[in-house]
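Written below as C-alpha coordinates is the structure these notes are about.
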Amino acid sequence: MSKYQKTLDYLYSRLPMFQRVGGSAYKEGLDNSLSLCSHLGNPQDKYKIIHVGGTNGKGSVSNLLAAVLQAQGYKVGLYTSPHLIDFRERIRINGDMVPEGFVVKFIDDIKDYSETISPSFFELTMAMAFEYFAQEKVDIAIIEVGLGGRLDSTNIVKPILSVITNISKDHVQFLGDTLTKIAGEKAGIIKPDVPVVVGETNDETRQVFIEKAKEMNAPLYFADQENLIKKATHMAGGRWLFDTTDYGLIDGELSGLCQDQNAATVFAALRELQTTGINITSSAVQKGFGQVCEITGLRGRWEKIQENPLVICDTGHNEAGIAQIVQQINEIKYNKLRMVIGMVNDKDVSKVLSLLPKNATYYFTRASIPRSLDELAMQQAGFAAGLNGNSYHSVMEAYDCALEDSSNDDFIFVGGSTFVVADLLVGLQTDKK
(Lines give C-alpha, C1' and ligand atoms only; values in the text may rest on other atoms or scores of the structure.)
Protein backbone atom coordinates (compact mmCIF):
# COMPACT_ATOMS: atom_id res chain seq x y z
CA MET A 1 0.00 0.00 0.00
CA SER A 2 1.33 3.45 -0.97
CA LYS A 3 2.05 6.16 1.63
CA TYR A 4 -0.76 8.19 0.09
CA GLN A 5 -3.26 5.33 0.44
CA LYS A 6 -2.19 4.80 4.05
CA THR A 7 -2.76 8.52 4.68
CA LEU A 8 -6.26 8.33 3.17
CA ASP A 9 -7.03 5.27 5.29
CA TYR A 10 -5.97 7.26 8.36
CA LEU A 11 -8.20 10.19 7.35
CA TYR A 12 -11.20 7.97 6.71
CA SER A 13 -10.82 5.58 9.64
CA ARG A 14 -9.48 7.74 12.45
CA LEU A 15 -11.50 10.88 11.87
CA PRO A 16 -15.30 11.10 11.85
CA MET A 17 -16.48 11.96 8.33
CA PHE A 18 -19.99 13.40 8.02
CA GLN A 19 -20.40 12.30 4.41
CA ARG A 20 -19.82 8.67 5.43
CA VAL A 21 -21.38 8.31 8.86
CA GLY A 22 -23.70 11.32 9.23
CA GLY A 23 -24.62 13.08 12.44
CA SER A 24 -22.03 11.46 14.70
CA ALA A 25 -19.32 13.35 12.75
CA TYR A 26 -21.04 16.73 12.98
CA LYS A 27 -19.18 18.96 15.42
CA GLU A 28 -20.71 22.24 16.47
CA GLY A 29 -18.36 25.09 17.16
CA LEU A 30 -15.19 26.54 15.71
CA ASP A 31 -12.71 25.63 18.45
CA ASN A 32 -10.97 22.83 16.51
CA SER A 33 -10.75 24.94 13.35
CA LEU A 34 -9.30 27.88 15.25
CA SER A 35 -6.84 25.61 17.07
CA LEU A 36 -5.64 23.81 13.92
CA CYS A 37 -5.19 27.02 11.96
CA SER A 38 -3.48 28.78 14.85
CA HIS A 39 -1.05 25.84 15.04
CA LEU A 40 -0.32 26.37 11.32
CA GLY A 41 0.17 30.15 11.67
CA ASN A 42 -3.31 31.03 10.36
CA PRO A 43 -2.70 30.33 6.66
CA GLN A 44 -6.27 31.38 5.81
CA ASP A 45 -5.33 35.00 6.51
CA LYS A 46 -2.64 35.10 3.80
CA TYR A 47 -4.85 35.49 0.69
CA LYS A 48 -8.21 36.88 -0.34
CA ILE A 49 -11.21 34.61 0.24
CA ILE A 50 -14.73 34.34 -1.17
CA HIS A 51 -16.91 32.32 1.22
CA VAL A 52 -19.82 30.47 -0.43
CA GLY A 53 -22.74 29.01 1.55
CA GLY A 54 -26.37 28.11 0.92
CA THR A 55 -28.45 24.96 0.50
CA ASN A 56 -28.24 24.17 -3.24
CA GLY A 57 -25.91 25.46 -5.93
CA LYS A 58 -22.85 26.07 -3.70
CA GLY A 59 -20.67 23.82 -5.83
CA SER A 60 -21.75 25.29 -9.16
CA VAL A 61 -21.39 28.88 -7.92
CA SER A 62 -17.98 28.16 -6.36
CA ASN A 63 -16.68 26.52 -9.54
CA LEU A 64 -18.06 29.27 -11.80
CA LEU A 65 -16.42 31.98 -9.70
CA ALA A 66 -13.13 30.04 -9.71
CA ALA A 67 -13.31 29.50 -13.49
CA VAL A 68 -13.92 33.19 -14.23
CA LEU A 69 -11.15 34.39 -11.91
CA GLN A 70 -8.77 31.79 -13.31
CA ALA A 71 -9.64 32.85 -16.88
CA GLN A 72 -8.83 36.41 -15.78
CA GLY A 73 -5.32 35.27 -14.89
CA TYR A 74 -5.56 34.99 -11.11
CA LYS A 75 -4.06 32.04 -9.24
CA VAL A 76 -7.20 30.55 -7.67
CA GLY A 77 -7.60 28.05 -4.85
CA LEU A 78 -10.87 26.11 -4.72
CA TYR A 79 -12.06 24.15 -1.69
CA THR A 80 -15.28 22.16 -2.13
CA SER A 81 -16.91 19.00 -0.78
CA PRO A 82 -17.65 16.18 -1.05
CA HIS A 83 -15.46 14.59 -3.71
CA LEU A 84 -16.84 12.22 -6.34
CA ILE A 85 -13.88 10.07 -7.44
CA ASP A 86 -10.65 11.30 -5.81
CA PHE A 87 -10.23 12.85 -2.34
CA ARG A 88 -7.93 15.47 -3.89
CA GLU A 89 -10.85 16.96 -5.88
CA ARG A 90 -11.67 18.88 -2.69
CA ILE A 91 -8.50 20.99 -2.88
CA ARG A 92 -7.50 22.50 -6.23
CA ILE A 93 -5.41 25.36 -7.57
CA ASN A 94 -6.24 26.50 -11.09
CA GLY A 95 -8.09 23.24 -11.63
CA ASP A 96 -5.21 20.99 -10.56
CA MET A 97 -5.75 18.73 -7.57
CA VAL A 98 -3.49 18.95 -4.54
CA PRO A 99 -0.51 16.56 -5.03
CA GLU A 100 -0.54 13.25 -3.17
CA GLY A 101 2.84 14.15 -1.68
CA PHE A 102 1.45 17.28 -0.04
CA VAL A 103 -1.45 15.31 1.51
CA VAL A 104 0.99 12.76 2.96
CA LYS A 105 3.42 15.37 4.34
CA PHE A 106 0.66 17.56 5.80
CA ILE A 107 -0.87 14.67 7.75
CA ASP A 108 2.56 13.44 8.88
CA ASP A 109 3.43 16.93 10.15
CA ILE A 110 0.17 17.64 11.96
CA LYS A 111 -0.85 14.17 13.16
CA ASP A 112 0.63 14.41 16.66
CA TYR A 113 -0.96 17.80 17.29
CA SER A 114 -4.32 16.94 15.73
CA GLU A 115 -4.68 13.84 17.89
CA THR A 116 -4.62 16.06 20.98
CA ILE A 117 -7.81 17.82 19.83
CA SER A 118 -9.52 15.03 17.76
CA PRO A 119 -10.73 17.08 14.78
CA SER A 120 -13.29 15.78 12.31
CA PHE A 121 -12.35 14.72 8.79
CA PHE A 122 -13.76 18.00 7.47
CA GLU A 123 -11.89 20.17 9.97
CA LEU A 124 -8.54 18.58 9.15
CA THR A 125 -9.18 18.61 5.39
CA MET A 126 -10.10 22.30 5.56
CA ALA A 127 -6.87 23.12 7.43
CA MET A 128 -4.97 21.17 4.76
CA ALA A 129 -6.57 23.30 2.03
CA PHE A 130 -5.79 26.56 3.83
CA GLU A 131 -2.15 25.56 4.30
CA TYR A 132 -1.76 24.39 0.68
CA PHE A 133 -3.20 27.63 -0.68
CA ALA A 134 -0.84 29.64 1.55
CA GLN A 135 2.25 27.67 0.56
CA GLU A 136 1.37 28.00 -3.13
CA LYS A 137 0.64 31.74 -2.71
CA VAL A 138 -2.78 31.84 -4.37
CA ASP A 139 -4.22 35.26 -5.17
CA ILE A 140 -7.69 34.31 -4.09
CA ALA A 141 -9.45 31.21 -2.71
CA ILE A 142 -13.07 30.15 -3.07
CA ILE A 143 -14.08 28.35 0.13
CA GLU A 144 -17.33 26.38 0.08
CA VAL A 145 -19.19 25.96 3.37
CA GLY A 146 -19.56 22.33 4.42
CA LEU A 147 -22.82 22.29 6.38
CA GLY A 148 -24.91 25.23 7.59
CA GLY A 149 -22.79 28.33 8.09
CA ARG A 150 -22.74 29.81 11.58
CA LEU A 151 -21.03 26.78 13.15
CA ASP A 152 -19.40 25.35 10.03
CA SER A 153 -15.67 24.84 10.45
CA THR A 154 -14.91 27.16 7.50
CA ASN A 155 -16.53 30.08 9.32
CA ILE A 156 -13.21 31.25 10.75
CA VAL A 157 -12.28 32.95 7.46
CA LYS A 158 -12.23 36.72 6.92
CA PRO A 159 -13.55 36.98 3.35
CA ILE A 160 -13.71 39.90 0.95
CA LEU A 161 -17.17 38.65 -0.12
CA SER A 162 -19.74 36.25 1.31
CA VAL A 163 -22.20 34.47 -1.01
CA ILE A 164 -25.34 32.60 0.10
CA THR A 165 -26.96 30.81 -2.84
CA ASN A 166 -30.42 29.96 -1.52
CA ILE A 167 -32.32 28.36 1.34
CA SER A 168 -34.31 25.13 1.25
CA LYS A 169 -34.86 22.23 3.62
CA ASP A 170 -31.82 20.02 4.15
CA HIS A 171 -29.99 18.74 7.24
CA VAL A 172 -33.00 19.84 9.31
CA GLN A 173 -31.76 17.80 12.30
CA PHE A 174 -28.84 20.25 12.63
CA LEU A 175 -30.06 23.48 11.07
CA GLY A 176 -33.72 23.63 12.08
CA ASP A 177 -37.01 22.50 10.57
CA THR A 178 -38.17 25.82 9.09
CA LEU A 179 -36.72 27.94 6.31
CA THR A 180 -36.39 30.82 8.78
CA LYS A 181 -34.25 28.75 11.16
CA ILE A 182 -32.12 27.38 8.30
CA ALA A 183 -31.64 30.90 6.91
CA GLY A 184 -30.48 32.00 10.36
CA GLU A 185 -27.76 29.33 10.31
CA LYS A 186 -26.70 30.12 6.74
CA ALA A 187 -26.65 33.87 7.52
CA GLY A 188 -24.02 33.10 10.14
CA ILE A 189 -21.30 33.51 7.50
CA ILE A 190 -22.13 37.23 7.15
CA LYS A 191 -19.16 39.13 8.60
CA PRO A 192 -18.77 42.70 9.88
CA ASP A 193 -18.46 45.19 6.99
CA VAL A 194 -18.03 42.39 4.40
CA PRO A 195 -20.47 42.58 1.46
CA VAL A 196 -22.84 39.64 1.01
CA VAL A 197 -24.68 38.45 -2.09
CA VAL A 198 -27.78 36.31 -1.52
CA GLY A 199 -28.88 34.39 -4.61
CA GLU A 200 -32.55 33.59 -3.97
CA THR A 201 -34.92 34.54 -1.19
CA ASN A 202 -38.59 34.26 -0.35
CA ASP A 203 -40.93 35.91 2.13
CA GLU A 204 -39.80 33.49 4.87
CA THR A 205 -36.06 34.13 4.55
CA ARG A 206 -35.51 37.65 3.18
CA GLN A 207 -35.96 39.45 6.49
CA VAL A 208 -33.46 37.10 8.20
CA PHE A 209 -30.72 38.28 5.85
CA ILE A 210 -31.74 41.93 6.06
CA GLU A 211 -31.56 41.87 9.87
CA LYS A 212 -28.26 39.96 10.01
CA ALA A 213 -26.61 42.21 7.42
CA LYS A 214 -27.80 45.29 9.31
CA GLU A 215 -26.42 43.88 12.58
CA MET A 216 -23.05 43.27 10.87
CA ASN A 217 -23.05 46.55 8.91
CA ALA A 218 -22.56 44.34 5.83
CA PRO A 219 -23.65 45.68 2.42
CA LEU A 220 -26.38 43.28 1.21
CA TYR A 221 -27.32 42.43 -2.40
CA PHE A 222 -30.14 40.13 -3.49
CA ALA A 223 -29.14 38.65 -6.85
CA ASP A 224 -32.75 37.92 -7.77
CA GLN A 225 -33.52 41.65 -7.51
CA GLU A 226 -30.44 42.97 -9.33
CA ASN A 227 -31.75 42.13 -12.85
CA LEU A 228 -28.27 41.35 -14.16
CA ILE A 229 -29.67 38.82 -16.66
CA LYS A 230 -31.92 40.48 -19.23
CA LYS A 231 -32.84 37.15 -20.83
CA ALA A 232 -31.86 33.52 -20.12
CA THR A 233 -32.41 30.93 -22.86
CA HIS A 234 -32.05 27.19 -22.29
CA MET A 235 -30.57 26.00 -25.58
CA ALA A 236 -30.97 22.64 -27.35
CA GLY A 237 -28.34 20.32 -25.90
CA GLY A 238 -28.73 21.91 -22.48
CA ARG A 239 -26.39 24.90 -22.56
CA TRP A 240 -27.60 28.31 -21.45
CA LEU A 241 -27.33 31.66 -23.24
CA PHE A 242 -27.44 34.64 -20.89
CA ASP A 243 -27.99 38.16 -22.17
CA THR A 244 -26.37 40.08 -19.32
CA THR A 245 -26.33 43.69 -18.23
CA ASP A 246 -22.59 43.76 -17.49
CA TYR A 247 -20.96 41.31 -19.93
CA GLY A 248 -23.19 41.02 -23.02
CA LEU A 249 -24.02 37.53 -24.30
CA ILE A 250 -22.56 34.75 -22.14
CA ASP A 251 -22.70 31.08 -23.14
CA GLY A 252 -23.05 28.78 -20.11
CA GLU A 253 -21.78 25.20 -20.18
CA LEU A 254 -23.67 23.94 -17.11
CA SER A 255 -27.01 22.62 -18.30
CA GLY A 256 -29.26 22.08 -15.28
CA LEU A 257 -32.43 24.17 -15.04
CA CYS A 258 -31.10 25.61 -11.76
CA GLN A 259 -28.14 27.16 -13.58
CA ASP A 260 -29.97 30.37 -14.49
CA GLN A 261 -30.37 31.07 -10.76
CA ASN A 262 -26.76 30.12 -10.08
CA ALA A 263 -25.62 32.37 -12.94
CA ALA A 264 -27.56 35.34 -11.53
CA THR A 265 -25.83 34.77 -8.19
CA VAL A 266 -22.40 34.65 -9.86
CA PHE A 267 -23.03 37.81 -11.93
CA ALA A 268 -24.03 39.68 -8.76
CA ALA A 269 -20.92 38.38 -6.98
CA LEU A 270 -18.67 39.40 -9.89
CA ARG A 271 -20.14 42.92 -9.88
CA GLU A 272 -19.39 43.22 -6.18
CA LEU A 273 -15.88 41.79 -6.56
CA GLN A 274 -15.06 44.48 -9.09
CA THR A 275 -15.80 47.14 -6.48
CA THR A 276 -13.10 45.55 -4.28
CA GLY A 277 -10.49 46.09 -7.01
CA ILE A 278 -10.59 42.66 -8.67
CA ASN A 279 -10.42 43.07 -12.43
CA ILE A 280 -12.96 41.00 -14.41
CA THR A 281 -13.37 41.28 -18.19
CA SER A 282 -16.19 40.04 -20.40
CA SER A 283 -13.81 37.61 -22.12
CA ALA A 284 -12.90 36.03 -18.75
CA VAL A 285 -16.60 35.67 -17.88
CA GLN A 286 -17.30 34.13 -21.30
CA LYS A 287 -14.46 31.63 -20.92
CA GLY A 288 -15.26 30.81 -17.30
CA PHE A 289 -18.94 30.11 -17.98
CA GLY A 290 -18.30 28.39 -21.29
CA GLN A 291 -15.55 26.04 -20.11
CA VAL A 292 -16.12 25.68 -16.37
CA CYS A 293 -15.91 21.86 -16.28
CA GLU A 294 -12.59 21.82 -18.15
CA ILE A 295 -11.16 24.73 -16.15
CA THR A 296 -12.07 23.52 -12.65
CA GLY A 297 -12.84 19.79 -13.04
CA LEU A 298 -16.49 20.14 -11.98
CA ARG A 299 -18.60 17.00 -12.52
CA GLY A 300 -22.01 15.55 -11.66
CA ARG A 301 -24.19 18.55 -12.56
CA TRP A 302 -26.72 17.19 -15.09
CA GLU A 303 -23.76 15.36 -16.60
CA LYS A 304 -24.31 13.38 -19.78
CA ILE A 305 -22.66 9.94 -19.52
CA GLN A 306 -23.67 8.61 -22.94
CA GLU A 307 -26.21 8.72 -25.78
CA ASN A 308 -28.41 5.86 -27.08
CA PRO A 309 -29.70 5.31 -24.49
CA LEU A 310 -29.26 8.77 -23.01
CA VAL A 311 -27.75 8.57 -19.51
CA ILE A 312 -27.68 11.62 -17.22
CA CYS A 313 -26.45 11.83 -13.63
CA ASP A 314 -26.97 14.66 -11.16
CA THR A 315 -25.95 15.18 -7.53
CA GLY A 316 -29.18 16.99 -6.51
CA HIS A 317 -30.46 15.28 -3.37
CA ASN A 318 -32.94 17.38 -1.36
CA GLU A 319 -36.52 18.48 -2.07
CA ALA A 320 -35.61 21.64 -3.98
CA GLY A 321 -32.83 19.94 -5.96
CA ILE A 322 -34.97 16.94 -6.90
CA ALA A 323 -37.92 19.16 -7.89
CA GLN A 324 -35.72 20.91 -10.46
CA ILE A 325 -34.34 17.59 -11.72
CA VAL A 326 -37.89 16.28 -12.27
CA GLN A 327 -38.76 19.46 -14.15
CA GLN A 328 -35.76 18.88 -16.40
CA ILE A 329 -36.57 15.19 -16.91
CA ASN A 330 -40.01 16.28 -18.10
CA GLU A 331 -38.37 18.27 -20.91
CA ILE A 332 -36.59 15.20 -22.31
CA LYS A 333 -38.14 13.11 -25.12
CA TYR A 334 -37.78 9.37 -24.49
CA ASN A 335 -39.48 6.02 -25.00
CA LYS A 336 -39.14 4.71 -21.42
CA LEU A 337 -37.76 6.43 -18.33
CA ARG A 338 -35.50 4.41 -16.04
CA MET A 339 -34.43 5.84 -12.67
CA VAL A 340 -31.40 4.52 -10.75
CA ILE A 341 -32.03 6.01 -7.31
CA GLY A 342 -30.45 5.80 -3.88
CA MET A 343 -30.48 8.14 -0.88
CA VAL A 344 -28.82 8.61 2.49
CA ASN A 345 -30.65 7.62 5.65
CA ASP A 346 -30.92 11.09 7.22
CA LYS A 347 -32.97 12.70 4.44
CA ASP A 348 -36.76 12.97 4.33
CA VAL A 349 -36.90 10.09 1.85
CA SER A 350 -40.70 9.95 1.51
CA LYS A 351 -40.92 13.67 0.65
CA VAL A 352 -38.25 13.36 -2.07
CA LEU A 353 -39.70 10.15 -3.51
CA SER A 354 -43.16 11.72 -3.68
CA LEU A 355 -41.73 14.24 -6.19
CA LEU A 356 -40.36 11.60 -8.57
CA PRO A 357 -42.22 10.59 -11.77
CA LYS A 358 -44.61 7.63 -11.41
CA ASN A 359 -44.27 6.63 -15.09
CA ALA A 360 -40.72 5.28 -14.69
CA THR A 361 -39.11 1.93 -13.96
CA TYR A 362 -37.03 2.23 -10.78
CA TYR A 363 -33.73 0.59 -9.91
CA PHE A 364 -33.51 1.17 -6.15
CA THR A 365 -29.94 0.99 -4.87
CA ARG A 366 -27.48 2.14 -2.24
CA ALA A 367 -24.15 3.95 -2.39
CA SER A 368 -21.06 2.40 -0.82
CA ILE A 369 -21.05 4.50 2.36
CA PRO A 370 -22.44 3.58 5.81
CA ARG A 371 -24.93 6.48 5.64
CA SER A 372 -26.73 5.00 2.63
CA LEU A 373 -30.30 3.86 3.08
CA ASP A 374 -30.51 0.11 2.51
CA GLU A 375 -31.75 -0.72 -1.00
CA LEU A 376 -34.67 -2.81 0.32
CA ALA A 377 -35.76 0.08 2.55
CA MET A 378 -35.44 2.38 -0.51
CA GLN A 379 -37.63 -0.02 -2.49
CA GLN A 380 -40.27 -0.15 0.27
CA ALA A 381 -40.30 3.66 0.52
CA GLY A 382 -40.59 3.78 -3.27
CA PHE A 383 -43.56 1.41 -3.26
CA ALA A 384 -45.25 3.60 -0.62
CA ALA A 385 -44.78 6.58 -2.96
CA GLY A 386 -46.26 4.69 -5.92
CA LEU A 387 -42.90 3.95 -7.58
CA ASN A 388 -42.21 0.49 -8.95
CA GLY A 389 -38.98 -1.39 -9.54
CA ASN A 390 -36.43 -3.83 -8.18
CA SER A 391 -33.64 -3.35 -5.62
CA TYR A 392 -29.91 -3.73 -6.25
CA HIS A 393 -27.08 -3.93 -3.73
CA SER A 394 -24.71 -1.62 -5.63
CA VAL A 395 -25.03 1.36 -7.93
CA MET A 396 -23.15 -0.34 -10.76
CA GLU A 397 -25.36 -3.45 -10.51
CA ALA A 398 -28.45 -1.22 -10.76
CA TYR A 399 -26.95 0.82 -13.59
CA ASP A 400 -25.87 -2.23 -15.58
CA CYS A 401 -29.37 -3.71 -15.29
CA ALA A 402 -30.94 -0.41 -16.40
CA LEU A 403 -28.61 -0.35 -19.43
CA GLU A 404 -29.41 -3.98 -20.26
CA ASP A 405 -33.16 -3.28 -20.07
CA SER A 406 -32.97 -0.17 -22.25
CA SER A 407 -33.55 0.40 -25.92
CA ASN A 408 -31.64 3.17 -27.71
CA ASP A 409 -34.41 5.74 -27.24
CA ASP A 410 -34.85 5.19 -23.50
CA PHE A 411 -33.60 7.65 -20.87
CA ILE A 412 -31.68 6.57 -17.75
CA PHE A 413 -31.30 9.00 -14.84
CA VAL A 414 -28.85 8.22 -12.02
CA GLY A 415 -29.01 10.19 -8.77
CA GLY A 416 -30.83 10.83 -5.49
CA SER A 417 -27.52 11.28 -3.67
CA THR A 418 -24.08 12.72 -4.35
CA PHE A 419 -22.69 9.32 -3.35
CA VAL A 420 -24.78 7.41 -5.90
CA VAL A 421 -23.27 9.65 -8.60
CA ALA A 422 -19.80 9.14 -7.09
CA ASP A 423 -20.20 5.34 -7.21
CA LEU A 424 -21.34 5.57 -10.84
CA LEU A 425 -18.36 7.70 -11.91
CA VAL A 426 -15.89 5.52 -9.99
CA GLY A 427 -17.45 2.39 -11.51
CA LEU A 428 -17.31 3.76 -15.04
CA GLN A 429 -13.68 4.81 -14.56
CA THR A 430 -12.81 1.33 -13.23
CA ASP A 431 -14.56 -0.31 -16.21
CA LYS A 432 -12.35 1.67 -18.60
CA LYS A 433 -9.11 0.41 -17.03
Condition test on Ala232, is it in the same structural domain as Asn63 (by TED's automatic domain parsing) and either under 17 Å from the mean Cα position of the chain (by Cα) or not in a loop (DSSP other than H, G, I, E, B) (or both)? no
Those residues of region 135-146 which are buried (at least 20 other Cβ atoms within 10 Å of the Cβ) and touching a Phe, Trp or Tyr at 6+ places or on another chain (Cβ under 8 Å) amount to Val138, Ile140, Ala141, Ile142, Ile143, Glu144, Gly146
Enumeration of residues in region 399-417 that are in contact with a helix residue (DSSP H, G or I) (Cβ under 8 Å, 6 or more places away or on another chain) and not in a strand (DSSP E or B): Tyr399, Gly416
Looking only at region 365-382, decide whether some residue is without any contact (Cβ under 8 Å) to a residue 60 or more places away in the chain, more than 27 Å from Gln259 (Cβ to Cβ), assigned to a loop (DSSP other than H, G, I, E, B) and of a type in the set (Lys, Arg). yes
Look at Ser153 and say whether it is hydroxyl-bearing (Ser, Thr, Tyr), within 27 Å of Phe419 (Cβ to Cβ) and surrounded by fewer than 22 Cβ atoms within 10 Å (Cβ to Cβ). no
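With at positive phi and more than 23 Å from the chain's Cα centre (by Cα) as the only criterion, which of Lys111, Lys137, Lys105 stands out? Write out each step before concluding.
Working: Lys111 fails: at positive phi; Lys105 fails: at positive phi.
Answer to the check: Lys137.
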Checked Thr244, Thr205 against criteria (over 22 Å from Tyr47 (Cα atoms), touching a strand residue (DSSP E or B) at 6+ places or on another chain (Cβ under 8 Å), surrounded by 16 or more Cβ atoms within 10 Å (Cβ to Cβ) and not basic (Lys, Arg)); the one match is Thr244
Which residue pairs have Cβ atoms closer than 7 Å, lie 6 or more positions apart in sequence or on different chains, and pair a first residue in region 28-43 that is touching a residue at least 24 places away in the same chain (Cβ under 8 Å) with a second residue that is β-branched (Val, Ile, Thr)? Leu30/Ile156; Asn32/Ile117; Ser33/Ile156; Leu34/Ile156; Ser35/Ile117; Cys37/Ile156
Have a look at Val292, Val194, Val285, Val266 and point out the one that is of a type in the set (Val, Ile, Thr), over 22 Å from Ala320 (Cα atoms) and assigned by TED's automatic domain parsing to the domain that holds Gly73. Val194
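The values are calculated or read from the model by the stated rules, or taken from the named source; none is laboratory data. Since this is a predicted model, take the numbers as computed values, not measurements. Every residue, glycine as well, gets a Cβ built from its backbone with ideal geometry; the counts of neighbours run over all protein chains shown.
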